[in-house]
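Accompanying notes for the structure given below.
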Amino acid sequence: MDYISPNDPKFNEWVKNYADYIDVNFAALGLTLTQKTALIASVTRWKTDFTAYYEAQASAIAATQKKNASRAIVKSQVRELTKLIQANSNVTDDQRAALGITIPKESKTPTPVPDTRPMAVVENINRLEHIINYFDEITSRGRAKPAGVRGCEIWYKIGGEPPADASGLTYLTTDTGTPYIAHFKGDDGGKTVHYMLRWVNTRNEPGPWSETISVTISA
């Protein structure tokens, strides 16, 4: 399991401990003062935005976007610092445990089957073309894929009613980096395309399907 919880209150408690420990022990962990200072600033901003999110119910949408952006910055910094910490042979398992990060095991853990869904925003700016922007439902609009995910399977159906289930879909591609650009034939112009997406891990095991996204092809 990922050591960073997707639950905001749990993340808030965890990252406070993480930052407090690095604040005192950054040198022993092989980190620089600049790295420590940047993390503390980001965590402070996260705490402010996290509090605002739960207090500002009237502006919940704006607060969610701000909170997610703040969390993404902290999460990115945490992962970068943790890579350095994990690569430092002088760091002990006790220090890892104090930080609340993964303690490496002797044997490799199998890649988990994805348990979240991709979400998508499809743009039809150009004629006979769709720009498919996809992102994880938990990490919001961040470009990073969930841990263990190789890519995003994109399936589609042109014309008619939205498919009742995946059996009515045709495989389009497995894309590894958003966005994906889909091209169509001239006689497809004006038709509606129904898309469904799902994550696949490094063992090609798929996760749950996304909601159906229906977009017209510009002629």
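Of the conditions (1) among the charged types (D, E, K, R); (2) surrounded by 14 or more Cβ atoms within 10 Å (Cβ to Cβ); (3) over 19 Å from E211 (Cα atoms), D94 clears all except one; give me its number.
(2)
For residues that are more than 12 Å from the chain's Cα centre (by Cα), assigned to a loop (DSSP other than H, G, I, E, B) and of a type outside the set (D, E, K, R), tally how many sit in region 135-168.
Going through region 135-168 one residue at a time, the tally reaches 5.
Can you tell me which residue in region 3-32 is modelled with the lowest pLDDT, limited to those that are within 20 Å of K67 (Cα to Cα) and among the charged types (D, E, K, R)?
D8
Condition first: part of a loop (DSSP other than H, G, I, E, B) and in contact with a Leu (Cβ under 9 Å, 6 or more places away or on another chain). Now tell me which residues in region 91-129 satisfy that.
V91, R117
Say we look at region 209-219 and pick out the residues that are more than 15 Å from the chain's Cα centre (by Cα) and part of a loop (DSSP other than H, G, I, E, B); which of these is modelled with the lowest pLDDT?
Only one residue tops the list, namely A219.
Restricting to region 169-204, and then to whatever is among the small types (G, A, S) and not in a strand (DSSP E or B), can you tell me which residue is nearest to P114 (Cα to Cα)?
Looking only at region 169-204, we keep the residues that are among the small types (G, A, S), and these are 177, 182, 186, 189-190.
This time we only want the ones that are not in a strand (DSSP E or B), so: 177, 186, 189-190.
Working: G177: 17, G186: 36, G189: 35, G190: 35 Å.
Out of the qualifying residues, it is G177.
Here is a yes/no grid of residues against (1) modelled with pLDDT under 90; (2) out of contact with any Ser or Thr (no Cβ under 7 Å at 6 or more places or on another chain):
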{"position": "K47", "(1), (2)": "no, yes"}
{"position": "S76", "(1), (2)": "no, yes"}
{"position": "G100", "(1), (2)": "no, yes"}
{"position": "T111", "(1), (2)": "yes, no"}
{"position": "P118", "(1), (2)": "no, no"}
{"position": "A147", "(1), (2)": "yes, yes"}
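Checking the conditions here, which among F50, F11 is surrounded by fewer than 20 Cβ atoms within 10 Å (Cβ to Cβ), touching a residue at least 40 places away in the same chain (Cβ under 8 Å) and more than 15 Å from I85 (Cβ to Cβ)?
Among F50, F11, only F11 is surrounded by fewer than 20 Cβ atoms within 10 Å (Cβ to Cβ), touching a residue at least 40 places away in the same chain (Cβ under 8 Å) and more than 15 Å from I85 (Cβ to Cβ).
Kindly indicate whether E80 is modelled with pLDDT of 90 or more, over 17 Å from S210 (Cβ atoms) and not small (G, A, S). Walk me through it before giving the result.
Values: modelled with pLDDT of 90 or more: yes; over 17 Å from S210 (Cβ atoms): yes; not small (G, A, S): yes.
Answer is yes for this residue.
Please go through region 66-87 and pick out each residue that is touching an Asp or Glu at 6+ places or on another chain (Cβ under 6 Å) and within 17 Å of S5 (Cβ to Cβ).
Result: K67, S70.
Any residue in region 125-137 that is β-branched (V, I, T) sitting within a Cβ distance under 6 Å of a residue that is in a strand (DSSP E or B)? List the pairs, counting only those 6 or more apart or interchain.
Here the result reads I131/E123; I131/I181; I132/A120; I132/V122; I132/Y180, each pair linking region 125-137 to a residue that is in a strand (DSSP E or B).
The values are calculated or read from the model by the stated rules, or taken from the named source; none is laboratory data. None of the values given here were measured: they were computed from a predicted structure. Reconstructed Cβ throughout: ideal geometry from the backbone, glycine too, with neighbour counts over all protein chains shown.
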